[in-house]
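Scroll down for the structure; my scribbles are underneath it.
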Amino acid sequence: MPIDEQRELKSAPHNMKRRHAQGLLEVKQDYCAAELGSVTVVGEGSFLRIDGTDILSLYMGPRNLEISLKLFSETNEMLAEIDRNEWVSGDPMPWDVEADWQKLILREKARKISISLDAKQKPLKIEGEFWYSNRKISVNKDRLLIHGNNTVGLTNLALVGGGVDLNTERLVISSGGAIVSWHNPRERLWKAHDAWKRIKKERREPPPNP
């Protein structure tokens with residue numbers, strides 16, 4: 001992207017919304033799923049939560065997938081917030097922004113990618129570092145890492161209808177949902193999608209009478 005165009009984006013973040021009909025990032029995807037490294041997340045709602053704060057969530061909009069995320073610094077300063085594909089808070093000026101209609105890369109510091117969203121991939125691919133309350137969850141091309149006294153790595157599985165919930169007392173993975181372990185990413189997505197349909201049906205059905 002030319003320097004002048006980057007400066008225009010940074011000086012008026014609402015321009016990101018105006019440039020694309022669907023908002024900051026147009027995700028041409030009619031199902032609710034994303035790839036976090038080699039971890040597939042399927043369903044709607046929060047998939048990364050730290051100390052009660054939703055960090056990354058997915059929703060189905062009227063036509064396409066919508067993303068909400070909050071980016072914090074290592075010192076717990078709010079850097080940016082995106083709500084259903086729209087940049088709603090945070091100063092865009094310190095960011096190095098690379099954006100087109102299906103890709104967004106935000107660098108907080110030179111050469112350090114804080115978040116990468118690639119909607120050219122199906123499903124959407126997300127990589128980056130997610131901080132809150134001095135805790136970190138990082139996603140690279142191979143795995144999702146939950147950092148702490150004992151770092152936990154997740155690979156080659158799907159979190160369906162739930163995600164990673166990290167707080168001071170415990171780590172919960174896929175609470176209220178299901179985990180699908182399968183090495184082939186395409187087959188894993190199909191199996192996770194089928195599991196999500198079953199979970200949605202169960203959540204809609206009223207509990208049986210005692």
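Computed from the coordinates by the stated procedures, all read-outs in this text should not be read as laboratory data. These numbers were taken from a predicted model, which means no experiment stands behind them. FYI the Cβ positions are ideal-geometry reconstructions off the backbone, even for glycines, and counts take in every protein chain you see.
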message: Cβ neighbours within 10 Å, averaged per peptide: list 47-60, 70-83 in order, most packed at the top.
response: 47-60, 70-83
query: Which aspartates and glutamates have a Cα lying under 13 Å from the Cα of residue 103, excluding residues fewer than 8 positions away in the same chain?
result: 26, 118, 127
- request: Report relative contact order for region 96-210 in percent, whole number only (criteria: Cα-Cα under 8 Å, sequence separation at least 6).
  value: 12
- request: Using label points projected 7 Å from each Cα along Cα→Cβ, tell me how many nm separate residue 175 and residue 143, to one decimal.
  value: 2.4
query: Using the Cβ atoms and a cut-off under 12 Å, what net charge is assigned to the surroundings of residue 153, where Lys and Arg are +1 and Asp and Glu are -1?
result: 0
field: Cβ-based net charge around residue 193, under 14 Å, with every Lys or Arg adding one and every Asp or Glu removing one
entry: +3
- line: Violations at 19 Å Cα threshold for listed pairs 122/201; 70/136; 125/200; 120/141; 28/122 -> 122/201; 125/200
task: Find how many whole Å separate the alpha carbon centroid of region 31-66 from the alpha carbon centroid of region 149-210.
output: 12
